[in-house]
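The values are calculated or read from the model by the stated rules, or taken from the named source; none is laboratory data. As the structure is a prediction and not an experimental result, all values here were calculated from the model. Using ideal geometry, Cβ is built from the backbone for each residue, glycine included, and neighbour counts are taken over all protein chains shown. These accessible areas exclude ligands, DNA and RNA; they are computed on the full protein's heavy atoms, side chains included. Shrake-Rupley method; radii C 1.70, N 1.55, O 1.52, S 1.80 Å.
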Amino acid sequence: ESNKLSLVDNLEPIQESDLTDDGNLAVEFEVAIDLYGQYHPSGADVLCRIGRNQSDRGETDSALNTYREAQSIYCAALGDHDMRTLDTRTAIAHLLLKLGELNEGIGLLYQVLYMKKAILGDQHTDVCDLLEELSRLLHEDGKVAASLKELKNCLKVYRDKQGDKNPKVAGMIEQVALMYMELKEYGKAKSIMIEVVKLRKAVSGEEHSDVARAFLGLGSCYKELGNETNALNCLKKAYFIYVKNEGFESIGTADALDTIGQVYLLMNQEEKATKALTRVIGMRKKVFGNNSPEVADSFLSLGIALKECLAYEKAMKCFQRAITIYVILDRGMDDAIPLSNILYEIFLTHRACGELDNALQLSSQILTLRKQTLGNNHLENAALLRSTGNI
């Protein structure tokens, strides 16, 4: 036993350069097993370094198996509550996410979260970082309400520790408002966005692009709440700040002008709406290229404005151009919802023109597409059926 301990003492320290050599690490793993046995943490430490190398080389499946072996050793030797076990489980979760196993990855991260809360407390930075990551992942998975819940839990801790004027805190508050908008809770979103405007001004100054973005969000809330006057006031402030900071062809400038055009449409000022939305198409083409989802959305908005102006032929050309872009992109079901929205506007245009057979045929296609993407009992399906029943 003393010879084994002497051997450990005489081992050369591992250099960072050795981490790229799996051969050296394999030897070190064998030495660790020989000295301490198969279920000693030293062997798991080496396996984690091998797994990291495999992950860096893009060998995700191999890395996953390696980390799982390390985790089983840590669990047997140290228990589920040990930080090395939890860090290894986190690494496994990230590899699963990389492989597209979103639910399993999120499930593992929740296991780590609950354990770290028990060990470190709700206020620890590691816990907050996990809450923030889980919020992002849940949002990507379309679970906006669950994402909002975790973000608010995270925000409470950061707010208590760093204060409202911290840029990270201000960004989280803004994200909370945007999620309320996604959930169509525009009253709550508006109240928070008013606070965000004040915070952004206090942190960044009156004419920073962060302030413009906050005004854009606030204006969008007012638009959805039917207060077009306040909406236009906020959106114009956003537009002029973006122009001053980023020029006429920036993403922010285009987004502000696009929303201004939509508000003009709600105010029955179709000519102003059409001019604004036509300009947006040119701006977004320069930023994103001719065939991008952003440009397709712009053609859709312009088509709707032209339809309201009774310029049905021009509107139809805009809708067809939007569809052509999505066909060129060829992203499959990822584009099913925007495509169904465009087809619905074409359906309404056919109906307005008295082309009822075309409208009825298109209605059936839209309903099939929406059932595939939104489910059988979504409210948008009911709206479509009601519109079809009015023919």
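Might you let me know whether the stretch 184-201 holds any residue that is more than 23 Å from Phe288 (Cβ to Cβ), at pLDDT 95 or above, open to solvent by less than 80 Å² (accessible area, probe 1.4 Å) and not in a helix (DSSP H, G or I)? Within the stretch 184-201, one or more residues are more than 23 Å from Phe288 (Cβ to Cβ), at pLDDT 95 or above, open to solvent by less than 80 Å² (accessible area, probe 1.4 Å) and not in a helix (DSSP H, G or I). Taking the numbered list (1) in contact with a Cys (Cβ under 7 Å, 6 or more places away or on another chain); (2) at pLDDT below 95 in turn, Phe215 passes all entries but (2).
For the stretch 338-380, residues that are more than 14 Å from Ile323 (Cα to Cα), modelled with pLDDT under 85 and β-branched (Val, Ile, Thr) total 2. For Ala118, the conditions (1) in a helix (DSSP H, G or I); (2) closer than 22 Å to Gln162 by Cα; (3) open to solvent by 60 Å² or more (accessible area, probe 1.4 Å) all hold with the exception of (2).
When Gln123 is tested against (1) modelled with pLDDT of 95 or more; (2) over 21 Å from the mean Cα position of the chain (by Cα); (3) within 26 Å of Val203 (Cα to Cα), exactly one condition is not met: (1).
Look at the stretch 344-355: where a residue is without any contact (Cβ under 8 Å) to a residue 24 or more places away in the chain and a partner is among the small types (Gly, Ala, Ser), sitting 6+ places away or on another chain with Cβ atoms under 7 Å, you get His350/Ala359.
Residues checked against (1) at pLDDT 90 or above; (2) crowded, with 16+ Cβ neighbours inside 10 Å; (3) out of contact with any helix residue (DSSP H, G or I) (no Cβ under 9 Å at 6 or more places or on another chain):
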site	(1), (2), (3)
Glu1	no, no, yes
Ser6	no, no, yes
Pro13	no, no, yes
Leu19	no, no, no
Gln38	no, no, no
Gly43	no, yes, no
Arg57	yes, no, no
Tyr74	yes, yes, no
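Scanning the stretch 210-244 for residues that are more than 16 Å from Val197 (Cβ to Cβ) and in a helix (DSSP H, G or I) returns Glu224, Glu228, Thr229, Val243, Lys244. Screening Leu64, Leu78, Leu134 for residues that are within 18 Å of the chain's Cα centre (by Cα) and either buried (at least 18 other Cβ atoms within 10 Å of the Cβ) or over 28 Å from Ala177 (Cα atoms) (or both) leaves exactly one candidate, Leu134.
Note on the stretch 322-354: residues that are of a type in the set (Val, Ile, Thr) and open to solvent by 50 Å² or more (accessible area, probe 1.4 Å) amount to 4.
Within the stretch 169-183, which residues are over 17 Å from the mean Cα position of the chain (by Cα) and either over 23 Å from Glu224 (Cβ atoms) or open to solvent by 40 Å² or more (accessible area, probe 1.4 Å) (or both)? Answer for the stretch 169-183, where residues must be over 17 Å from the mean Cα position of the chain (by Cα) and either over 23 Å from Glu224 (Cβ atoms) or open to solvent by 40 Å² or more (accessible area, probe 1.4 Å) (or both): just Val169. Counting only residues that are part of a helix (DSSP H, G or I), without any contact (Cβ under 8 Å) to a residue 24 or more places away in the chain and not hydrophobic (A, V, I, L, M, F, W, C), the stretch 326-343 holds 2 of them.
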